[in-house]
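Report on the structure given below.
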Amino acid sequence: MNVETVYAGIIGGVVADALGVPFEFSTLDSMMENPATTMVGYGTHGQPEGTWSDDSSMTLATVDSLIHGVDYEDMIQKFCEWLFEAKYTPHGEVFDNGCTTYSALSNYRHANRSPLDCGLDGERDNGNGSLMRIMPIVLYANAKDMPIGQQIELIGDVSALTHAHKFSKASCNIYNFIAQEILDNPDKDFKTVIVDGIDKSRKHYENEEYPCFDRLYGNLFSLDEDNLSSKGYVVYSLETALYCCYHTGSYEHAVLKAVNFGGDTDTNAIIAGALAALYYGFNSIPREWLDKIVGLDYIKELCDDFYKSLK
Ligand SMILES: [Mg+2]
């Protein structure tokens with residue numbers, strides 16, 4: 001792995017998040033009428049262009065924590081520093097957060113629970129809040145040549161710090177199977193690595209009951225777009241992000257497509273964008289978008305330190 005791969009996975013996600021922030025909660029109809037075509041500011045959260053959200057903040061907190069190896073106590077403390085003290089934010093304020101994440105981090109901060117006992121595990125606690133921040137662990141597992149069994153446990157645990165239900169943990173792991181396929185097979189085309197990654201995850205989960213993945217393991221990519229949902233349920237976000245990657249030919253088009261579904265635009269975009277940048281490379285991110293990212297030098301420094309720690 002080289003440093004450009006770390007930049008791709010992390011910054012490719014941050015740029016996509018920032019692209020989606022002004023459009024969060026828009027309806028599909030309004031996006032179709034007035035599609036996103038480039039990085040803009042204001043809109044839903046009134047933030048200037050290049051402002052990224054909680055999705056990137058938690059991703060960066062994870063990167064910062066992993067520099068010192070895997071330590072769940074340290075990782076959840078850094079999540080709390082984001083939520084309660086606005087660390088890892090572009091303008092020193094938290095303008096967006098998910099309720100499951102809020103409850104889990106409150107369990108840590110105020111109820112003194114151990115890190116792996118903080119996440120919520122009800123079937124209704126399956127928002128996309130762990131999938132959106134999982135890419136740093138994917139990179140860590142790849143760089144460390146971790147056996148797949150160990151990867152699955154690690155990814156599940158890191159999800160469980162906030163999202164402990166098996167659908168969330170499995171969604172993060174399916175994403176990891178695909179991302180590992182990209183990293184390990186740089187010469188294959190994007191559609192092939194996506195399908196191969198999904199196949200590997202299907203084999204892994206074949207003895208377990210996951211009816212929520214019926215479409216993903218069925219005909220997801222031949223569905224019409226209006227069958228997809230842009231709501232924040234982790235399975236829908238995984239489906240939408242993968243669909244956008246599968247049906248486009250560049251980083252730019254993958255992330256714009258994710259935003260133009262409306263709904264949870266920033267999160268669907270970061271999930272799609274981190275994967276697309278991993279495939280197309282850091283240089284595929286439009287320079288014009290990158291230059292607008294608030295705190296880009298700080299983000300790059302974190303990535304540099306993370307990369308050095310992986311050796
Ligand atoms: Mg967000």
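The values are calculated or read from the model by the stated rules, or taken from the named source; none is laboratory data. These numbers come from a predicted model, not from an experiment. Here Cβ is always computed from backbone atoms with ideal geometry, including for glycine, and neighbour counts include all displayed protein chains.
List of remarks:
- Members of segment 236-293 found to be in contact with a Gly (Cβ under 6 Å, 6 or more places away or on another chain), within 16 Å of the ligand (Cβ to nearest atom) and either farther than 30 Å from residue 125 by Cβ or aliphatic (A, V, I, L, M) (or both), listed by number: 255, 259, 269, 270, 274, 293
- Candidates in segment 211-227 are the residues that are farther than 19 Å from residue 124 by Cα and in contact with a Phe, Trp or Tyr (Cβ under 7 Å, 6 or more places away or on another chain); of these, the one that is nearest to the ligand (Cβ to nearest atom) is 220.
Yes/no matrix, rows are residues, columns are (1) of a type in the set (S, T, N, Q); (2) within 16 Å of the ligand (Cβ to nearest atom); (3) in contact (Cβ under 8 Å) with a residue 24 or more places away in the chain; (4) in a loop (DSSP other than H, G, I, E, B):
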residue: 5; (1), (2), (3), (4): yes, no, yes, no
residue: 10; (1), (2), (3), (4): no, yes, yes, no
residue: 21; (1), (2), (3), (4): no, yes, yes, no
residue: 35; (1), (2), (3), (4): no, no, yes, yes
residue: 38; (1), (2), (3), (4): yes, no, yes, yes
residue: 41; (1), (2), (3), (4): no, yes, no, yes
residue: 47; (1), (2), (3), (4): yes, yes, yes, yes
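- The one condition in (1) without any contact (Cβ under 8 Å) to a residue 40 or more places away in the chain; (2) farther than 14 Å from residue 242 by Cβ; (3) of a type in the set (Ser, Thr, Tyr) that residue 140 fails to fulfil: (1)
- Of residues in segment 61-93 being within 16 Å of the ligand (Cβ to nearest atom) and in contact with a helix residue (DSSP H, G or I) (Cβ under 6 Å, 6 or more places away or on another chain), the one farthest from residue 274 (Cα to Cα): 83
- Taking first residues from segment 225-240 that are of a type in the set (Phe, Trp, Tyr) and partners that are modelled with pLDDT under 95, the Cβ contacts under 7 Å between residues at least 6 apart in sequence or on separate chains come to 236/229.
- Residue 113 vs. criteria buried (at least 24 other Cβ atoms within 10 Å of the Cβ) and on the phi < 0 side of the Ramachandran plot: no
- The residues of segment 42-65 that are among the acidic types (Asp, Glu) and crowded, with 23+ Cβ neighbours inside 10 Å, listed by number, are 54, 55.
- Taking segment 162-269 as the region of interest, the helices (runs of 4 or more DSSP H) fully inside it that hold 3 or more residues being buried (at least 18 other Cβ atoms within 10 Å of the Cβ) and among the polar types (S, T, N, Q) are 166-184.
- Tallying residues that are assigned to a helix (DSSP H, G or I) and farther than 22 Å from residue 7 by Cα within segment 112-153 yields 8.
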